[in-house]
Amino acid sequence: MEKKIRIPEKIVILDKTYTIKFVDNLQHKTDSYGDIWYQEQEIRLQSEGGDVNRHRQATESCFFHEFVHGILHSISEAGLRENEDFVTRFSSVLYQSLRESKMLVTE
């Protein structure tokens, strides 16, 4: 059985602490599986249960995607932060590299 990475309850990006929340029906409400709210310092991810069937690695990948948005926001890189293609590719490489190198805490 493949191990899941531990998605933290909170993550610090420079001087901001973001709370990670799992939300039911996020995909139905926003047409996405995750989002980040900079002012509220909150990352919301689609819950894995209910009527939205997601593989755990998709949730983990989504967490890294929103984390990269937060990093880019914190370093005032608005152009890159708003470039979904860049964020998706960068976060995918980051997630895959850390996962394959066994650098992530697993449950």
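FYI, it's all coordinate maths here, none of it is from the lab. Just so you know, these numbers come straight off a predicted model, no measurement behind them. Counting neighbours? That spans all protein chains shown, and the Cβs are built from the backbone with ideal geometry, glycine included.
Please work out how much length the chain gains when fully extended from Asp85 to Arg6, using 0.36 nm per residue of separation minus the C-alpha to C-alpha distance, in nm with one decimal.
25.9 nm
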Inset, instruction - Would you calculate, for the chain, the mean residue ellipticity at 222 nm contributed by helices, counting each DSSP H stretch of 4 or more residues as -39,500 (n - 2.57) and dividing by all residues, to the nearest 500? - result: -13000 deg cm²/dmol
Legend entry - Shape call, the range 14-107: gyration tensor on alpha carbons, a/c limit 1.5: oblate
Legend entry - Dipole magnitude of the chain about its Cα centre (Cβ charges: Lys, Arg +1; Asp, Glu -1), debye to nearest 20: 380 debye
Legend entry - the chain: antiparallel DSSP beta bridges as a percent of all, rounded to 5: 65 percent
Legend entry - Estimated vicinal HN-Hα couplings, Hz - the range 6-22 in sequence order (Karplus 6.51, -1.76, 1.60; Gly, Pro = x): 8, 7, x, 6, 9, 9, 9, 10, 6, 9, 10, 10, 9, 8, 9, 10, 9
Inset, instruction - Could you tell me the number of lysine pairs in the chain with C-alpha atoms less than 18 Å from each other, where the two lysines are 8 or more residues apart or belong to different chains? - result: 5
Legend entry - Karplus (6.51, -1.76, 1.60) ³J(HN,Hα), θ = phi - 60°, over the range 90-105, in Hz, Gly and Pro reported as x: 5, 5, 5, 5, 4, 4, 5, 5, 5, 5, 5, 7, 6, 9, 9, 6
Inset, instruction - Report the label-to-label distance for Ser76 and Gln96 in nanometres (one decimal), using points 7 Å from each Cα along the Cα→Cβ vector. - result: 3.3 nm
Inset, instruction - Can you find, among Pro8, His69, Leu45, the residue farthest towards the positive end of the dipole of the chain? Put +1 on the C-beta of Lys and Arg, -1 on that of Asp and Glu. - result: Pro8
Legend entry - From phi via Karplus (6.51, -1.76, 1.60), per-residue ³J(HN,Hα) for the range 38-46 in Hz, x at Gly/Pro: 5, 5, 7, 6, 9, 10, 10, 10, 4
Legend entry - Amide H partners (placed H, <5 Å) of Lys4, local residues excluded: Glu107
Legend entry - Nonlocal amide H pairs with Lys21, under 5 Å, H built at 1.01 Å: Ile43, Arg44, Leu45
